[in-house]
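Quick notes on the structure that follows.
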Amino acid sequence: MRTQVAIIGGGPAGLLLSQLLHLSGVDSIVLERQTRDYVEARIRAGMLEQVTVDLLDQAGAGARMRREGLPHGGVNLASEGESFRIDVEGLTGKQMMVYGQTELTKDLNDLVATRDQPLFEVADVALHDLEGAVPYVTYRKDGAAHRIDCDFIAGCDGYHGVSRQSVPVAGGQAFERVYPFGWLGILADVPPCDHELIYANHERGFALASMRSNVRSRYYVQVSLDEKLEDWPDERIWDELAIRLGDKAAAGMTRGPSIEKSIAPLRSFVFEPMRRGRLFLAGDAAHIVPPTGAKGLNLAASDVHYLHEAITAWYGNGAQAGLDDYSAKALARVWKAERFSWWFTSLMHRFPDTDAFARKMQVAELDYLRGSKAAQTVMAENYVGLPF
Ligand code: RFL
Ligand code: PHB
């Protein structure tokens, strides 16, 4: 087979890139290891930046999000059980959008499926001749071996994918921080406790009240990495949330049976450069952020924006500059989101070495945020998303 761009991974990054390229007249083949049902059922992100929302519109994938998504103009921070609101829209003129990654993935899959893409359940994907003019990808499907020749390969296969591993160790540098705790998430068909998100710093650990709709809530509590899901029956999670989120949120919280529960570790990770010859990495394949800043999916989208522009310029007028600048351009935005996510994680969580002094520093910084418009503006412009 032959295509212009071989895309490894049919998550948000791969699907969005395929759709944008298609609208620009560039063809691609998307290779996805899992089934469509599996990809669409992964409960992950929920908060989109305005630039991500705009990009989904540009891809023709925004209609249902505009109908069913919940625009948010603010976010609440709680400290010692007392919460205050940051008026993100008032401070930046921009809004966020609550719309689940599951739904966004379904919408993109519906569009990409009209071209019989992605190819699901492919195995043993391998990348070849990345430094040459005609790189190719091999894989197996239903036991048969296949090969795709292409002009470019987009590595959109997430943190555990093969693309980044195809770059020799000496060909790049990884930067990493692993946090000594995880997030226990619970999804339940109950109304949210507040119409906006609440991020809580509590001496027992972080908690987050989020949502997917007006009838579906998503909550998280910080847990240590050795915690087992079976030790967290639903009631224990609701009790812990009620303590950490504070009395007002607890009073508004509706408890109900979980429809999903999982523990996710937290990590910061960046691989530089995001390119090797004709291979371009995008999304979680190149970088991971702890979920506190709600940046992972949004960074995947912004990488795709830069990559789409670079590839279409090359096909349009042979311009090489966009491709050459891709990694530096994407990384400039990535590192700022890494910094924000690291800062917000550090401010809101209890670390094993959070002694009495460190705790006072967190409380003082939150108190400063509560009273300073300048500090709130810094927080708001990062949370709502920096411009491309
Ligand atoms: P994905 O979604 O991991 O998709 C990669 C795809 O590649 C496939 N794949 C392969 N296919 C073929 N061959 C191989 N060898 C392959 N290896 C892997 C995989 O099956 C998969 O389908 O990466 P992508 O597209 O870069 O998208 C990134 C986002 O999914 C991720 O950053 C976000 O979910 C992160 N995230 C959040 N981001 C936000 O912007 N806002 C949020 O509110 C937010 N909350 C979260 C999050 C992530 C979380 N977890 C569980 C990590 C909350 C949580 C709890
Ligand atoms: C979510 O709704 O899953 C969510 C929202 C905001 C975050 C992280 C996760 O910062």
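The values are calculated or read from the model by the stated rules, or taken from the named source; none is laboratory data. This one's a predicted model, so the numbers in the text were calculated from it and none came from an experiment. Note that we place each Cβ from the backbone using ideal geometry, even for glycine, and neighbour counts take in every protein chain shown.
Of the set (1) within 15 Å of ligand 2 (Cβ to nearest atom); (2) without any contact (Cβ under 8 Å) to a residue 24 or more places away in the chain, all apply to Ala264 but (2). If you go through segment 91-147 and keep only what is basic (Lys, Arg) and over 30 Å from Leu369 (Cβ atoms), you end up with Lys106, Arg115, Arg140, Lys141, Arg147.
Being surrounded by fewer than 16 Cβ atoms within 10 Å (Cβ to Cβ) and within 16 Å of ligand 2 (Cβ to nearest atom) is true of Ala41.
Gly60 meets the conditions (1) away from ligand 2 (no atom under 16 Å from the Cβ); (2) more than 18 Å from Asp284 (Cβ to Cβ); (3) within 19 Å of the chain's Cα centre (by Cα) in every case but one. The failed one is (3). For segment 266-296, a tally of residues being in contact with a helix residue (DSSP H, G or I) (Cβ under 6 Å, 6 or more places away or on another chain), in a helix (DSSP H, G or I) and not polar (S, T, N, Q) returns 3. Meeting the requirement of 3 or more residues that are of a type in the set (Asp, Glu), the helices (runs of 4 or more DSSP H) wholly within segment 47-117 are 101-113.
Listed here are the residues, each with its yes/no results for (1) free of Cβ contacts under 8 Å to residues at least 40 places away in the same chain; (2) surrounded by 14 or more Cβ atoms within 10 Å (Cβ to Cβ); (3) more than 22 Å from Trp342 (Cα to Cα); (4) of a type outside the set (A, V, I, L, M, F, W, C).
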site	(1), (2), (3), (4)
Ala133	no, no, yes, no
Ala154	no, yes, yes, no
Val169	yes, no, yes, no
Asp231	yes, no, yes, yes
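Considering the conditions (1) away from ligand 2 (no atom under 16 Å from the Cβ); (2) modelled with pLDDT under 95, Thr92 is excluded by exactly one of them, (2).
Among the residues of segment 26-45, some residue qualifies, meaning at least one is away from ligand 1 (no atom under 14 Å from the Cβ) and charged (D, E, K, R).
So which of Ser79, Ser18 ends up being in contact with a strand residue (DSSP E or B) (Cβ under 8 Å, 6 or more places away or on another chain), more than 16 Å from ligand 2 (Cβ to nearest atom), in contact (Cβ under 8 Å) with a residue 24 or more places away in the chain and over 30 Å from Pro135 (Cβ atoms)? Outline the logic, then answer.
On the way: Ser18 fails: over 30 Å from Pro135 (Cβ atoms).
The conditions single out Ser79.
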